[in-house]
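S.K.: Have a look at the structure that comes next, please.
The values are calculated or read from the model by the stated rules, or taken from the named source; none is laboratory data. Predicted model, so just to flag it, every value in this text is computed and none were measured. Every residue, glycine among them, receives a Cβ derived from its backbone with ideal geometry; neighbour counts consider all protein chains shown.
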Amino acid sequence: MNQLQALPGIEKATLIARDQHPVSRKQISPNALKVLYKLRDAGFHGFLVGGGVRDLLLDKSPKDFDIATNASPEELKKLFRNARIIGRRFKIIHLQFGREIIEVTTFRAPHDAQNEIRGDASRKGMQGMDSAHSTAGMILRDNVYGNIDEDALRRDFTINALYYTINDFMLLDFSTGMEDMQSKLIRIIGNPEERYKEDPVRMLRALRFCAKLDFTMEENTSRPINQLAHLLESISPARLFDETMKLLTGGHAVKSFALLRQYEPGKYLFAPTLSALESEQGAASKLLDLALQNTDSRLAEGKSVTPAFLFASLLWPVLKIRLKSSQSPDINQHQHFQNAVNAVLMEQIQYTAVPKRFTLAAKEIWELQLRLERRNRRSIESAINHPRFRAAYDFLLLREDSGEDLDGLGQWWTTFQFADSPLRAEMIDALPKPGNQPRRRRRGKPSGASN
């Protein structure tokens, strides 16, 4: 306790003794504990903080363990041989232990000139200006180091600002974190408008935590979100894609998407889809609901999900509307389909920069729907040997489950893919032959006519 008392800012914390909280060292990654003990032995202070502490308090298994410390990035680099400095806006240390990465950050502080790190290359803002914020208030650089109490107030939400220390195994609460945990509230630290302007992605994080934890958003935290949603236009599509994946692949896709439909920020991720859902309430809309439910179910079972399948489902209502649009007489049906597919994907990329490997895979899932429907010998062989066959087949079943009438196509492909060669041949032979109409006899010359 004496060592903690010497740490600047500690006097502002509410100290929660070990017998008053459920967090145990047995639940913490051994590698994270190694880092905490090594920092202490070197004369530094280290604390487990953020989602790891929050999840342990909620009796969940943390996805990762983050540590905050009064050691600078350079001091951490000297202390840990496996340290790697990443980030420009805010320097972060990654400590790699096999496949596990422990993230370590230096205590942050408000952007006062006296707190700046001299010689820090990341101090310069846009166009060489020495500015921590853009004109809109967004943080451009964040290498401003301070005390633990300042670090707590720089964090986004109160439930993410709880600190665990190996000194007497206490929790430190600098705001209303424990109270909000018990009340199941998502509350932003500080003035909501200012905090959202500093980093508009915090609005998406607020929605994600509501869905993930089944918490309610505190009134002042939620009030400015619709009004400030336009600030997301300043966020790169690449970062918005990352945030989209966190929203939809965390095991709570159904709740997350429902909140995106409820709040304005959703329009800055999925404007085409949300617009299509307003007019397309049929099978395409139902397919998306089923895909989100299946995503959550697969993750709950420890199975993987692919962003390509997710985006194929998310954009299916948009594609269906595109395909209904008038077709030029100068192009055939296949080209019309290709044009619609390309237009839908290009439009979505303007919002979230979906990597090309995922857009190509989504495109193949859609294109295979045509081959699965066609069912002639050539299309059957090319479809079942295609690397995306399984995903396309699953998508076909979703179409049927959503109410689309495909005349038993799903069952036919279910039987065919597990059949032996003779049965496959029999199934193909039983299909209606293209052009099976009786051929017209070619009109010949009348009998008896001269050559």
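S.K.: Determine which member of the set LEU162, LEU185 is touching a Gly at 6+ places or on another chain (Cβ under 6 Å) and modelled with pLDDT of 95 or more. If you could, list the steps in order and put the result at the bottom.
M.R.: Values: LEU185 fails: touching a Gly at 6+ places or on another chain (Cβ under 6 Å).
After applying the criteria, what remains is LEU162.
S.K.: Condition first: under 19 Å from THR165 (Cα atoms), part of a loop (DSSP other than H, G, I, E, B) and not charged (D, E, K, R). Now tell me which residues in region 62-82 satisfy that.
M.R.: Those that are under 19 Å from THR165 (Cα atoms), part of a loop (DSSP other than H, G, I, E, B) and not charged (D, E, K, R): PRO62, PHE65, ASN70, ALA71, SER72.
S.K.: A further question on this structure: Identify the single condition in (1) among the polar types (S, T, N, Q); (2) farther than 24 Å from ASP149 by Cβ; (3) in contact (Cβ under 8 Å) with a residue 60 or more places away in the chain that SER72 does not satisfy, given that it satisfies every other one.
M.R.: Unmet condition: (2).
For (1) touching a strand residue (DSSP E or B) at 6+ places or on another chain (Cβ under 9 Å); (2) of a type in the set (S, T, N, Q); (3) within 22 Å of ASP242 (Cβ to Cβ); (4) exposed (fewer than 14 other Cβ atoms within 10 Å of the Cβ), each residue gets a yes or a no:
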| site | (1), (2), (3), (4) |
| --- | --- |
| TRP316 | no, no, no, no |
| SER325 | no, yes, no, yes |
| ILE331 | no, no, no, yes |
| ALA353 | no, no, yes, no |
| LYS356 | no, no, yes, yes |
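S.K.: Here's a follow-up. Taking the residues in region 89-118 that are within 17 Å of LEU76 (Cβ to Cβ) and assigned to a loop (DSSP other than H, G, I, E, B) as candidates, determine which candidate is modelled with the lowest pLDDT.
M.R.: Applying the filter and picking the extreme gives ILE117.
S.K.: Criterion first (more than 22 Å from GLU198 (Cα to Cα), at pLDDT 95 or above and surrounded by 14 or more Cβ atoms within 10 Å (Cβ to Cβ)) does VAL49 satisfy it?
M.R.: Values: more than 22 Å from GLU198 (Cα to Cα): no; at pLDDT 95 or above: yes; surrounded by 14 or more Cβ atoms within 10 Å (Cβ to Cβ): yes.
Here the answer is no, as VAL49 does not meet what is asked.
S.K.: Which of the residues that make up region 272-293 are under 16 Å from the mean Cα position of the chain (by Cα) and crowded, with 19+ Cβ neighbours inside 10 Å? First the steps, then the outcome.
M.R.: Here is the first cut: in region 272-293, the residues under 16 Å from the mean Cα position of the chain (by Cα) are 291-293.
Passing the criteria: ALA291, LEU292.
S.K.: Another one. Quick check on my filter: what residues within region 162-194 are surrounded by 21 or more Cβ atoms within 10 Å (Cβ to Cβ) and of a type in the set (Lys, Arg)?
M.R.: The answer is ARG187, and nothing else.
S.K.: Please indicate, with yes or no, whether at least one residue in region 354-369 is within 33 Å of the chain's Cα centre (by Cα), among the hydroxyl-bearing types (Ser, Thr, Tyr), outside any helix (DSSP H, G or I) and within 21 Å of ALA291 (Cβ to Cβ). I'd like the intermediate steps shown before the answer.
M.R.: At the first step, the residues of region 354-369 found to be within 33 Å of the chain's Cα centre (by Cα) are 354-369.
Now drop any that are not among the hydroxyl-bearing types (Ser, Thr, Tyr), which leaves 359.
If we keep only those that are outside any helix (DSSP H, G or I) too, we end up with none.
Looking through region 354-369, none of the residues is within 33 Å of the chain's Cα centre (by Cα), among the hydroxyl-bearing types (Ser, Thr, Tyr), outside any helix (DSSP H, G or I) and within 21 Å of ALA291 (Cβ to Cβ).
S.K.: Please list, ordered by first then second residue, the pairs with beta carbon atoms under 8 Å, 6 or more apart or interchain, first in region 409-434 and in contact (Cβ under 8 Å) with a residue 40 or more places away in the chain and farther than 22 Å from ARG399 by Cβ, second in a loop (DSSP other than H, G, I, E, B) and polar (S, T, N, Q).
M.R.: If the second residue must be in a loop (DSSP other than H, G, I, E, B) and polar (S, T, N, Q), the pairs left are PRO434/ASN376.
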